[in-house]
1. Return the loop-located trypsin sites (Lys or Arg not before Pro) in the range 1-42 (DSSP other than H, G, I, E, B) with at most 13 other Cβ atoms within 10 Å of their own Cβ; answer none if there are none.
2. Hey, what number do you get for the chain at 222 nm if only DSSP H runs of n ≥ 4 count, each worth -39500 (n - 2.57), divided across all residues, to the nearest 500?
3. Could I have the simple spin-label model distance between Ala33 and Gln211, label points 7 Å from Cα toward Cβ, reported in nm to one decimal?
4. Indicate the helices, whole DSSP H runs only, in the chain that combine a mean Kyte-Doolittle hydropathy of -0.5 or more with a Cα extent along their long axis of 15 angstrom or more.
5. Can you classify the range 122-221 as rounded, prolate or oblate using the Cα gyration tensor, where a ≥ b ≥ c are the square roots of its eigenvalues, rounded means a/c under 1.5, and otherwise it's prolate if a/b beats b/c and oblate if not?
6. For an R0 of 25 angstrom, estimate the FRET efficiency from the Cβ-Cβ distance between Val198 and Arg153 and round to the nearest 0.05.
7. With +1 on the Cβ of every Lys and Arg and -1 on the Cβ of every Asp and Glu, and nothing else charged, how large is the dipole of the range 36-145 about its Cα centre, in debye rounded to the nearest 20?
8. Going through the range 72-129, which trypsin sites (Lys or Arg not before Pro) have at most 13 other Cβ atoms within 10 Å and a DSSP loop state?
Amino acid sequence: EVVLYTSEHDATFASLGVAGARRVIDLWADRTAALGARDDVAFVLVFENRGPEVGATIAHPHGQIYAYDHIPERQRRRAEARWAPDSSPGERLIAEHDGWRAGVPYASTHPIAVDVAPTTCIADLPSATAEQRDGLAAMLVDVFDRLDRLYDRPLPYMMWIAQRPTDGGEWPNAWMHFEIVSPWRSAGVARFIAAAEVACNEYFNPLPPEQLAAELRRAGR
């Protein structure tokens, strides 16, 4: 499914404002619940590719939703490992408010990476209360605004939501979170993955997470 965020062709997620972002979140939650209720759906993935650098074919602000008949391997591994946000990110913290925390992960494949998660466990978007959704809307607007201000130009990024699988299994510790990554290592300069990294499945990030977090803190309004 394709989710159009707004009728304004040149809008960004941040420019939706908190009210507009909340409407998108409600739609994500409604479609997660509807698709996840189907017997042939085991996992619902809400995601966005923004910018031609990450494969977006249209500029209009939008995202997509895929409904899988299985739990994708990476999402299964993270769920089985009982992923939880870092409660003490230290210098990797970007912002925290309204029950949500944004920080830079300790070791990411991508030069720019941000995790957004609730400070208390929420399994999926349909489980989030109205107050929690309001807080999420404010946090996402803040984070996406910081990302666009990082290099003073629209940042190409990929965003996805890790949620509780809908396969009917027991996932008591599922902790919903957003992952946002970008291939840019500096303004307009993409970071390419080298043969040694692919060969050994070990990646070398040129941007220290503490440095990125500091830059994103400074990019806040």
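1. Values: sites: Arg22, Arg23, Arg31, Arg38; in loops: Arg38.
Listed in order of number, the matching sites are Arg38.
2. Numbers: 5 runs with 65 residues, N = 221.
About -9500 deg cm²/dmol.
3. Label at Ala33, label at Gln211, 4.5 nm between them.
4. Working: long enough: 17-36 (28 Å, 0.31); 130-150 (30 Å, -0.06).
Span-like helices in the chain: 17-36, 130-150.
5. Numbers: a/c = 2.73, a/b = 1.30, b/c = 2.10.
It comes out oblate by the Cα gyration axes.
6. 0.30
7. Values: 10 positive and 17 negative charges, 60 e Å.
Dipole magnitude for the range 36-145 comes out near 280 debye.
8. Working: sites: Arg74, Arg76, Arg77, Arg78, Arg82, Arg92, Arg101; in loops: Arg82.
Hits after loop and neighbour filter: Arg82.
The values are calculated or read from the model by the stated rules, or taken from the named source; none is laboratory data. Note that the coordinates shown come from a computational prediction; the quantities given were computed from them, not determined experimentally. Neighbour counts are summed over all protein chains in view; Cβ atoms, including those assigned to glycine, are modelled from backbone coordinates with ideal geometry. Keep in mind that these areas ignore ligands, DNA and RNA; they rest on the heavy atoms of the full protein, side chains included. Shrake-Rupley method; radii C 1.70, N 1.55, O 1.52, S 1.80 Å.
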